[in-house]
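The values are calculated or read from the model by the stated rules, or taken from the named source; none is laboratory data. Bear in mind the structure is a predicted one, so any value in this text is a computation, not a measurement. With ideal geometry, Cβ positions are generated from the backbone for all residues, glycine too; neighbour counts draw on all protein chains shown. Accessible surface areas use protein heavy atoms only, side chains included; no ligands, DNA or RNA. Shrake-Rupley method; radii C 1.70, N 1.55, O 1.52, S 1.80 Å.
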Amino acid sequence: MSLLGRDYNSELNSLDNRSQSPSESSSSITSENVHPAGEAGLSMMQTLIHLLKCNIGTGLLGLPLAIKNAGLLVGPVSLLAIGVLTVHCMVILLNCAQHLSQRLQKTFVNYGEATMYSLETCPNTWLRTHAVWGRYTVSFLLIITQLGFCSVYFMFMADNLQQMVEEAHVTSNICQPREILALTPILDIRFYMLTILPFLILLVFIQNLKVLSVFSTLANITTVGSMALIFEYIMQGIPYPSNLPLMANWKTFLLFFGTAIFTFEGVGMVLPLKNQMKHPQQFSFVLYLGMSIVIILYIFLGTLGYMKFGSDTQASITLNLPNCWLYQSVKLMYSIGIFFTYALQFHVPAEIIIPFAVSQVSESWALFVDLSVRSGLVCLTCVSAILIPRLDLVISLVGSVSSSALALIIPALLEIIIFYSEDMSCVTLAKDIMISILGLLGCIFGTYQALYELTQPINHSMANSTGVYA
């Protein structure tokens with residue numbers, strides 16, 4: 001997979017200056033991957049698969065609980081609105097990057113560069129002087145977001161592994177709905193996280209594209225297979241939803257906002273994907289097609305999952321599946337898919353941090369530093385998962401804190417800064433201001449509510465605990 005890594009020697013050659021800042025290093029690497037017309041690059045189908053894979057992760061499985069937090073009517077409508085808004089902001093980001101590329105006569109401008117170059121042309125003197133901090137801010141948010149995704153992946157895999165292992169002795173061939181029964185876990189969830197840790201460290205050491213493309217294909221197959229079985233189950237015998245609220249409490253709606261923004265995980269990969277295409281001018285069609293599929297999938301899974309499980313809906317829909325070998329295999333397949341997807345999400349922070357770290361040492365130490373930083377970052381995501389083992393709340397927190405800024409706030413502000421001096425219409429200006437305000441409010445109140453819930457005692461009927469069901 002072309003987005004997951006490269007040969008180590010080519011990574012060293014991409015360092016133009018050994019004293020580059022982290023953002024400068026990441027910019028040189030991103031620019032290196034440009035495929036001029038006619039040269040090898042991603043086809044439309046390959047780009048579509050990558051786009052779908054970037055957006056279909058653990059957040060998707062948390063959508064039934066998100067719909068529960070918003071209400072049976074408000075949830076799907078709000079999810080559709082957020083999806084359309086997110087796609088619109090992706091288009092804004094693409095247009096801003098293309099406009100800056102043409103203005104500055106550059107082949108490619110990444111997210112951080114677009115922010116910096118736009119601030120350099122801003123009328124405000126202070127912003128022009130500190131334009132480089134725009135790139136630093138985007139790089140920092142990308143690191144936080146992607147490492148947050150990786151931390152969630154740890155929790156997801158550990159939750160499902162714990163449930164599969166500790167229920168193995170009561171797993172049967174007959175698939176029946178789960179009955180609520182509080183059980184005491186045999187081993188702490190953190191033990192399972194530590195068990196997964198060394199395998200993920202070995203995974204991120206792999207930088208050979210051919211090897212990673214095999215893993216990516218395996219992840220795609222397992223994800224599609226598990227999603228098919230999940231839909232097959234939740235569409236059977238859906239109860240009449242007369243007892244489900246159409247609108248939930250406003251406090252839980254704030255958690256819905258964070259989860260919904262989190263699920264649209266691909267905003268950080270939009271520009272690199274377009275950059276990697278053989279024919280970049282076709283990316284708009286791929287984006288609209290891919291994101292339409294994603295939004296429809298989100299709404300259907302979230303709504304049907306909540307209607308199926310009602311008040312018993314868990315942080316991940318896989319934890320609601322029957323305790324039989326067929327659906328235990330679903331958890332295993334999706335966990336395998338998430339395991340290999342970890343490398344894709346890990347790619348973004350690694351490409352920002354590692355080149356800077358390598359540039360500070362001699363070439364003889366470069367490989368050691370590279371592998372050490374990779375190991376340290378994976379351990380950091382594991383420690384974060386251990387400290388806050390609440391899948392639903394961490395998803396909402398990451399979505400509120402950083403995903404809202406990257407997906408909503410910054411693209412809207414970029415359009416204002418870049419096009420305001422070029423006769424921007426009042427409608428466009430008002431639209432961008434409203435998007436920025438919405439993103440900011442969601443960020444502030446969503447973060448507050450997620451942090452507040454984290455300080456409260458764990459309600460085991462709501463937490464992502466495998467001891468809830470038998």
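Within the stretch 216-250, the residues that satisfy the criterion of being over 25 Å from F340 (Cβ atoms), free of Cβ contacts under 8 Å to residues at least 40 places away in the same chain and either among the β-branched types (V, I, T) or part of a helix (DSSP H, G or I) (or both) are S242, W250. For the criterion of being part of a helix (DSSP H, G or I) and hydrophobic (A, V, I, L, M, F, W, C), A350 passes. Considering (1) touching a residue at least 24 places away in the same chain (Cβ under 8 Å); (2) outside any loop (DSSP other than H, G, I, E, B); (3) surrounded by fewer than 22 Cβ atoms within 10 Å (Cβ to Cβ), the lone condition that V267 does not fulfil carries the number (3). Of the set (1) under 15 Å from the mean Cα position of the chain (by Cα); (2) modelled with pLDDT of 85 or more; (3) among the charged types (D, E, K, R), all apply to E265 but (2).
Table: residues versus (1) in contact with an Asp or Glu (Cβ under 8 Å, 6 or more places away or on another chain); (2) among the aromatic types (F, W, Y).
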{"position": "K68", "(1), (2)": "no, no"}
{"position": "S78", "(1), (2)": "no, no"}
{"position": "G83", "(1), (2)": "no, no"}
{"position": "C89", "(1), (2)": "no, no"}
{"position": "I92", "(1), (2)": "yes, no"}
{"position": "C96", "(1), (2)": "yes, no"}
{"position": "L100", "(1), (2)": "yes, no"}
{"position": "R103", "(1), (2)": "no, no"}
{"position": "F108", "(1), (2)": "no, yes"}
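P355 satisfies every condition listed in (1) open to solvent by 10 Å² or more (accessible area, probe 1.4 Å); (2) closer than 19 Å to L147 by Cβ except (1).
Just one of the numbered conditions (1) modelled with pLDDT of 85 or more; (2) open to solvent by less than 10 Å² (accessible area, probe 1.4 Å) is not true of Y136: (2).
In the list L429, L367, which residue meets the criterion of being over 16 Å from Y153 (Cβ atoms) and open to solvent by less than 50 Å² (accessible area, probe 1.4 Å)?
It is L429.
The numbered conditions (1) among the β-branched types (V, I, T); (2) in a helix (DSSP H, G or I); (3) open to solvent by 10 Å² or more (accessible area, probe 1.4 Å); (4) at pLDDT 80 or above are all true for V361 except (2). Can you pull out every residue in the stretch 324-342 that is surrounded by 20 or more Cβ atoms within 10 Å (Cβ to Cβ) and farther than 13 Å from N160 by Cα? Correct list: F340, T341, Y342. With respect to being β-branched (V, I, T), closer than 22 Å to T115 by Cα, surrounded by fewer than 20 Cβ atoms within 10 Å (Cβ to Cβ) and at pLDDT 90 or above, I410 falls outside the description.
Filtering the stretch 239-257 to residues that are surrounded by 13 or more Cβ atoms within 10 Å (Cβ to Cβ) and either over 15 Å from T313 (Cβ atoms) or β-branched (V, I, T) (or both) leaves K251, T252, F253, L254, F257.
The requirement of being surrounded by 15 or more Cβ atoms within 10 Å (Cβ to Cβ), outside any helix (DSSP H, G or I) and either at pLDDT 80 or above or among the hydroxyl-bearing types (S, T, Y) (or both) is satisfied by C122. Scanning the stretch 307-319 for residues that are in contact with a Ser or Thr (Cβ under 9 Å, 6 or more places away or on another chain), open to solvent by less than 10 Å² (accessible area, probe 1.4 Å) and not in a loop (DSSP other than H, G, I, E, B) yields T318, L319.
A single entry from L297, L273, L304 fulfils the requirement of being outside any loop (DSSP other than H, G, I, E, B), open to solvent by 10 Å² or more (accessible area, probe 1.4 Å), out of contact with any strand residue (DSSP E or B) (no Cβ under 7 Å at 6 or more places or on another chain) and within 21 Å of A407 (Cβ to Cβ): L297. The residue pairs whose first member lies in the stretch 412-423 and is free of Cβ contacts under 8 Å to residues at least 60 places away in the same chain, whose second member is not in a helix (DSSP H, G or I), and whose beta carbons are closer than 8 Å, counting only pairs six or more residues apart or on different chains, are I416/M424.
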